[in-house]
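Chemist: This is the structure I have questions about; it appears just below.
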Amino acid sequence: TLVAIQKCFALPLALCLGLTAQAQTAFYTEDFETDGLNTRYTAPDGNGSDGDEDYFDRISNDTSDRAHTNVQGTFYWGAQDIDDSAAAGVKPASLLITGIDITGRSSLQFSAYFAEQRPEASGQDDIDAGDFAIIEYQIDNGGYQSLIAFEGGGGNNTPFFEDTDFDGTGDGAQLETAFAQFTKNIAGTGDSLDLRFTVSVNFGDEDIAFDNIQLLEFISSEEQITLSASPTTVDEGST
């Protein structure tokens, strides 16, 4: 009986006690609720807004064409017709967040909320071939690597979709008027991490927005516990 009991419970008990609990902790957040231009982030290609449909800037919903839901607060970074002189004045244009301290951190993950205003004012989607948004990262100035990208579905006048294989055509989740969260793992460790958000949308009603950018780390929340027994077997009738 004792041997049978040990066979049934010894391994599961050892496994349970040997596992470590994992916790996900956000150690960096940019939510755009306060203006951080040139302090927490930069727009080296230019930024601005005409208060209507031309912007590459920290903005909020308005009464014209911006009616996003699930906004993580009030403000977010938006891009529409960015080569207009009132916006960035060029396309593509980038937003940079640099020098994030990741010293001693591992198992990193990127999280952010993305949205596209749908339906557009014209009653259809307006993302064309050549429109895109790509988010990249680099560690210790080691060169930028792709994290997540959004492209049209092929041809003209489509929604934005996640481009899961970075081939220039959206094939994944579709962006909607409501902000939706996307998460991606970050490979590598180091001391400093940079994020680059590059966007190309150059006509009215071609837009994308992002909000509540976070970096997270998976950490162990408990010490590892192991269990051993001696002797490893017990016979009935033994001492």
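Chemist: Return the residue satisfying two criteria in turn: it lies in the range 89-130 and is over 17 Å from the mean Cα position of the chain (by Cα) and among the aliphatic types (A, V, I, L, M), and of such residues it is modelled with the lowest pLDDT.
Modeler: 121
Chemist: Confirm whether residue 163 is open to solvent by less than 10 Å² (accessible area, probe 1.4 Å) and at pLDDT 95 or above.
Modeler: yes
Chemist: For the structure I just gave you, tell me whether residue 171 is assigned to a loop (DSSP other than H, G, I, E, B), touching a Phe, Trp or Tyr at 6+ places or on another chain (Cβ under 7 Å) and open to solvent by 20 Å² or more (accessible area, probe 1.4 Å).
Modeler: Yes.
Chemist: Open to solvent by 10 Å² or more (accessible area, probe 1.4 Å) and under 25 Å from residue 153 (Cα atoms): does that describe residue 67?
Modeler: Judged against the criteria, residue 67 is a match.
Chemist: Is it true that residue 118 is in a loop (DSSP other than H, G, I, E, B), within 18 Å of residue 176 (Cβ to Cβ) and not acidic (Asp, Glu)?
Modeler: yes
Chemist: Let me ask you something else. Consider residue 106 carefully, then state whether it is over 19 Å from residue 175 (Cβ atoms), of a type in the set (Gly, Ala, Ser) and open to solvent by 60 Å² or more (accessible area, probe 1.4 Å). Steps first, please.
Modeler: Details: over 19 Å from residue 175 (Cβ atoms): yes; of a type in the set (Gly, Ala, Ser): yes; open to solvent by 60 Å² or more (accessible area, probe 1.4 Å): no.
No; evaluated as a whole, the condition is false for this residue.
Chemist: Being within 25 Å of residue 54 (Cβ to Cβ), not in a strand (DSSP E or B) and not polar (S, T, N, Q) is the filter here, so list the residues in the range 188-215 that pass it.
Modeler: Passing the criteria: 201, 203, 204, 205, 206.
The values are calculated or read from the model by the stated rules, or taken from the named source; none is laboratory data. Values in this document were obtained by computation on a predicted structure and should not be read as measured data. All Cβ positions, even for glycine, are placed from backbone atoms using ideal geometry, and neighbour counts span all protein chains on display. Just so you know, the surface numbers come from the protein's heavy atoms only, side chains and all, with ligands and any DNA or RNA stripped out. Shrake-Rupley method; radii C 1.70, N 1.55, O 1.52, S 1.80 Å.
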